[in-house]
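Bear in mind that the values in this text are calculations on the coordinates, not laboratory data. Note that this is a predicted model, so its numbers are computed, not measured. Reconstructed Cβ throughout: ideal geometry from the backbone, glycine too, with neighbour counts over all protein chains shown.
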């Protein structure tokens, strides 16, 4: 996911218009005699969410490459079926490891699929080592994300690399075929030319195009989802960035720190976009699927306190519910980027947050926060399950819904929203992905280089 995404994402969405006039607002109609759904135990709930969400990356993956599709619309399964997402595929690699551990697939099945996916990315277009945001699953050629975004996407690449490192660590001690898989994963991520994406400046930049160079000129500056790129850039054995790139780029020469307080909780870091309540919750998910925020701190902050406070502020905003949206509260909460709708009935995509609250709840927001707010996240999951007739589809809970607008539901999925759910629940339960990523020698070298405590 990216900030630029918010400007250009509707390119491949289904209709984003409405037949209703401007200002139209559907009335909320309470459901009469709503059937009672048998409650699950907390453990059963976590099992269900992980198992159902896993299907996105296994049953509904791109058939040719085995990699994750950008999106999946169950009512139109062939829509954009060849659009593979680089970052979402990184999440998919991690999800497959969970699937092996949980017994959804055999280890042999997982190894076969992972070989297929990694071979695809080995053959895919790369631009100074970075993969594009979107790739054609049949041809392995770049699909432009926008006119000038037709080359390397460093942040999507970092999300993929996070998954590759976990695959390397998981299989490195196995038999010959597994060691070969681990070696390929290791080679792929180490080929990323992080230094190229500095433009010889003390910062990383998001995009490079063979036609337009660095014209987009979007600097990776936190706090947002881009922290992982700096960690991996420092960890790279052949293309390692300097600490100055992290300090001046990500941390904006120290201006990243914040003393802002909401609901008695400190933000700790300034969130991109300037929100006093914190940005969309994916800021605190994507970089921390492998990087363990419980373990890391540096001169700018304690990252565990950061992600926990960010989540609790987001939830408390929903409880206070200043816009008086129907059903918002302690059981129905979570604002982050997802499919969306507006009060006039038009639909699209939006990075929901307290400063961009459209009355739309994104299940991934609270579910993927499971390690940070376990009891609160489970309350949300139980709420969703009680409404499973509307909210639970063939690959887990649907991407977004709004009780306020007569229980509008987008019966669609996005890879970047489904992946963090299964991964972060597993990190809460066993620490699997956190342990794999944090044990990697190069990752530890990168953290040392940037002055982290871990």
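For the chain, evaluate the Debye formula with one uniform point scatterer on each Cα (no solvent term) and list log10 I(q)/I(0) at q = 0.06, 0.07, 0.08 Å⁻¹, rounded to two decimals.
-0.23, -0.31, -0.41
At q = 0.21, 0.24 Å⁻¹, what is the base-10 log of I(q)/I(0) for segment 96-192 according to the Debye formula with one equal point scatterer per Cα and no solvent? Please give it to two decimals.
With no solvent term, the Cα-only Debye profile gives -1.04, -1.22.
What share of the DSSP beta bridges in the chain is antiparallel, in percent to the nearest 5?
DSSP beta bridges in the chain are roughly 95 percent antiparallel.
I want to make sure I understand the PRE zone here: with the label point 7 angstrom from the Cα of residue 107 toward its beta carbon, which residues in segment 51-91 have backbone N atoms less than 18 Å away?
Label zone hits: none.
Applying 1/(1 + (r/R0)^6) with R0 = 51 Å to the Cβ-Cβ distance of residue 298 and residue 36, what FRET efficiency is obtained, to the nearest 0.05?
0.55
Considering the Cα positions of segment 170-235, please state its Rg to one decimal place and its Dmax as a whole number of Å.
Using the Cα atoms of segment 170-235, the pair Rg, Dmax is 15.6, 46 Å.
Would you give the gap between the C-alpha center of segment 323-388 and the C-alpha center of segment 428-446, rounded to a whole Å?
Cα centroid of segment 323-388 versus Cα centroid of segment 428-446: 29 Å apart.
Relative to the longest principal Cα axis of the chain, at what angle does helix 154-171 sit, 0 to 90 degrees, rounded to 10?
80 degrees
Provide the gained length on full extension for the span residue 201 to residue 321, in nm with one decimal, where the gain is 0.36 nm per separating residue minus the Cα-Cα distance.
Answer, rounded to one decimal: 38.9 nm.
Report, in degrees rounded to the nearest 10, the 0 to 90 angle that the Cα long axis of helix 107-123 makes with the longest principal axis of the chain.
70 degrees
In nanometres, what is the gap between the two model label sites at residue 390 and residue 406, each 7 Å from Cα along Cα-to-Cβ?
Reported label-point gap for residue 390 and residue 406 is 1.1 nm.
Cut-off is 10 Å between beta-carbons; in what order do 73, 285 appear when sorted fewest neighbours first?
Going from sparsest to densest Cβ surroundings: 73, 285.
Could you give the length gained on full extension between residue 176 and residue 212, defined as 0.36 nm per residue of separation minus the Cα-Cα distance, in nm?
8.7 nm
Helix-derived [θ] at 222 nm for the chain: sum -39500 (n - 2.57) over DSSP H runs of at least 4, divide by residue count, nearest 500?
Theoretical 222 nm ellipticity from helices: -11500 deg cm²/dmol.
Rounded to the nearest 0.05, what FRET efficiency do residue 76 and residue 448 have when you use their Cβ-Cβ distance and R0 = 45 Å?
Once rounded, the FRET efficiency stands at 0.40.
Once you have the Cα-Cα distance between residue 44 and residue 276, take 0.36 nm times their residue separation minus that, and quote the gain in nm to one decimal.
79.9 nm
From the C-alpha gyration tensor of segment 266-356, pull out the three semi-axes of the equivalent ellipsoid (sqrt of 5λ each), sorted largest to smallest, in whole Å.
Computed over segment 266-356, the values are 26, 14, 12 Å.
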